[in-house]
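Asks: Below is the structure I would like to discuss, written out as structure tokens.
Values quoted throughout were computed directly from the atomic coordinates according to the rules given, and no laboratory measurement underlies them. As the structure is a computational prediction, the values presented were derived from the model and not from experiment. Here the Cβ positions follow ideal geometry from the backbone for every residue, glycine too, while neighbour counts run over all protein chains shown.
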Amino acid sequence: MPRTDIVKIVFPESDIPTAWYNILPDLPGEPLPPLHPGTGEPVGPADLAPLFPESLIMQEVSTERWIDIPGEVLDVFKSWRPSPMYRAHRLEKALGLTSGNQRIYYKWEGVSPGGSHKPNTAVPQAFFNKAAGTNKLTTETGAGQWGSSLAYACALFDLECEVFMVKVSYEQKPGRRTLMETWGATVHASPSDRTESGRKILADHPDSTGSLGIAISEAVEIAAQNDDTHYSLGSVLNHVCTHQTIIGLEAKKQMDAFEDTPDVVVGCVGGGSNYAGLSFPYAADVLAGDAKTRFLAVEPEACPTLTRGTYAYDFGDTAGMTPLLPMYTLGHDFVPAPVHAGGLRYHGDAPSLCGLVKAGLYEAKSYPQVPVFEAAVMFARSEGWLPGPEPAHALKGAIDEALAAREADEERVVLFNLCGHGHFDISAYEAFLAGKLEDLQLSEEDLAASLATLPPQPANA
């Protein structure tokens, strides 16, 4: 039985993992390669050189299971890592889970300077770029967690930072914009008039609320046109997911300290980085035949990539400048409804995560935003922390898992990633508490129209 006298586990700095786990060597089957957007041929390191430094490109294609974390990066991580893990005793009580047979744990990533899991990759990306002689990084951001984190990391390593923030989030979350500017970043609402791709969108759709795909196009365009500038991505790519595995590696040791083991690992999915970070170290045990852990990826009904998307090669951006990636996608032209979970409004997901869903090792579920905020308010009133709208989806999934186990009279241990706080999402909570929050869903007609824009598929896809 678990240690019932422990609420929180925090390890000393000496227990920060010193290597990241790379899942690529352990994925089932032969992973499909990314394809060049012009030739349709597999992308090689030289094709990525205009956007990324060689060190990150080598991590992206690495077949090594473990990648060492540089000492300079570890020194920064000591500001907030290891992050704490909690047993949600008060939430369990609020849910009526009094037998102790259904237990909920959460890894708390909101303690970072950026308020989310995103600095786990922003810091190493800034470090490797600085070491390669890069002067400036461009990026996109949805709700602002990624843009904030990269702005923070660039300030640490004396890099310029230019952020294209999805317009609806730019307007909904001015606090995030101010935070980025405080750390020295330049922030634009996307689509903007600063790039050819942005101007094209505005010409066709002057009132566009934007999307992560559009913002990526703008950031990539700027980076590709300037020799001293690189592009930095906050999710989806393998090196990003690899950096985030520091979460799961810590979580495994902390669960051992609780003398408990998760039966199901839950996370929200927009591009997939936070859930990959928590779940991949656990998936390694399942792939090796040493565990039977279940995995549940949760997303919004307004952007149901894993639950209603098509597994296909698609561009990572709207303008079609990025490599074609094999993933579950809603179509690169997809513009989601303006739900408050801005970080979960991307049209595709990490190929590694999608491969695990396609193989049947990961499950996926979607929720409308009203019940998600109901769960978030219950959590705030019991555990105290105010969840971001994104991890509130994971919280809702975790609650439903625990309640389903109670109904079935089964013991079930649920672990989820509370990957960021909601301190900049007060307007969303205000709308919910006033009864003004709407459940926004994707219609079949809009989904079909978006998927119709998929590029021609290679014969072996």
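Asks: Please compare each pair in LYS173/LYS200; LYS107/LYS253; LYS8/LYS365; LYS107/LYS365; LYS252/LYS365; LYS252/LYS358 to a cut-off of 18 Å on the Cα-Cα distance and tell me which ones are over it.
Replies: Table pairs above 18 Å Cα-Cα are LYS173/LYS200; LYS8/LYS365; LYS107/LYS365; LYS252/LYS365; LYS252/LYS358.
Asks: Considering the dipole of the stretch 246-375 built from charges on the beta carbon (Lys and Arg +1, Asp and Glu -1) around the Cα centre, which of ALA364, LEU287, ALA312 is farthest to its positive end?
Replies: ALA312
Asks: So what is the relative contact order for the stretch 380-452, in percent, with contacts set as C-alpha pairs under 8 Å and at least six apart?
Replies: 33
Asks: Run the numbers on the chain and let me know its relative contact order in percent, using alpha-carbon pairs under 8 Å that are six or more apart.
Replies: The normalised contact order for the chain reaches 19 percent.
Asks: Give the order of HIS239, HIS89, HIS421, HIS117 when sorted by the count of other beta carbons within 10 angstrom, beginning with the fewest.
Replies: Ordered by Cβ neighbours within 10 Å, fewest first: HIS89, HIS421, HIS239, HIS117.
Asks: Something else: Restricting things to alpha carbons, tell me how big the stretch 98-139 is in terms of Rg and Dmax, in Å.
Replies: Rg and Dmax of the stretch 98-139, Cα atoms, are 17.6, 58 Å.
Asks: Now a separate question. Determine the calculated [θ] at 222 nm for the chain from helices alone, applying -39500 (n - 2.57) to every DSSP H run no shorter than 4 residues and normalising by the residue count; nearest 500 deg cm²/dmol.
Replies: -11500 deg cm²/dmol
Asks: Hey, of [x] 85, 55, 50; [y] 60, 48, 48; [z] 111, 60, 54, which did the structure itself give for Cα extents along the principal axes in Å when calculated?
Replies: [y]
Asks: Assigning unit charges at the beta carbon (Lys, Arg +1; Asp, Glu -1) and nothing else, what dipole magnitude in debye, to the nearest 20, does the stretch 98-187 show about its Cα centre?
Replies: 300
Asks: Using the Cα centre as the reference, give the magnitude of the dipole from point charges on the C-beta atoms of the chain (Lys, Arg: +1; Asp, Glu: -1; all else neutral), rounded to the nearest 20 debye.
Replies: Dipole of the chain, to the nearest 20 debye: 980 debye.
Asks: So, one more: What list of ³J(HN,Hα) couplings, whole Hz, do you get for the stretch 70-87 from phi and the Karplus terms 6.51, -1.76, 1.60, once you set θ to phi - 60° and write x for glycine and proline?
Replies: For the stretch 70-87, the Karplus-derived couplings read x, x, 5, 6, 4, 4, 6, 4, 4, 5, 9, 9, x, 6, x, 10, 10, 8 Hz, x marking Gly and Pro.
Asks: Also, I was wondering about something else. Would you list the P(r) distribution for the stretch 229-357, with all Cα-Cα distances sorted into 10 Å bins from 0 and each bin expressed as a whole %?
Replies: 13, 42, 31, 12, 2
Asks: Between GLN441 and GLU196, what FRET efficiency comes out of the Förster formula 1/(1 + (r/R0)^6) with R0 = 45 Å and r the beta carbon distance, rounded to 0.05?
Replies: 0.85
Asks: Using a 4.7 Å cut-off between beta carbons, which cysteines in the chain end up with no partner cysteine at all?
Replies: CYS241, CYS268, CYS303, CYS354, CYS419
Asks: Quote to one decimal, in nm, the extra length available between THR18 and THR63 on full extension: 0.36 nm per residue of separation minus the C-alpha distance between them.
Replies: 14.4 nm
Asks: Let me ask something additional. Round to the nearest 0.05 the FRET efficiency obtained for ASP409 and LYS253 when R0 = 45 Å and r is the Cβ-Cβ distance.
Replies: Approximately 0.90, to the nearest 0.05.
Asks: May I ask you to list the residues of the stretch 135-165 whose amide nitrogen lies under 15 Å from a point 7 Å from Cα along the Cα→beta-carbon direction of ASP228?
Replies: Backbone N within reach: 135-138, 158-162.
Asks: If one computes P(r) from the Cα atoms of the stretch 28-173, what percent of pairs lie at distances over 24 Å?
Replies: Value for the stretch 28-173 (Cα pairs over 24 Å): 51 percent.
Asks: Given contacts defined as C-alpha pairs under 8 Å and at least six residues apart, what's the relative contact order of the stretch 18-64, whole-number percent?
Replies: Dividing the mean separation by the residue count of the stretch 18-64 yields 38 percent.
Asks: I need THR245, THR322 ordered by Cβ neighbour count within 10 Å, fewest first.
Replies: If I rank by nearby Cβ atoms, fewest first, I get THR322, THR245.
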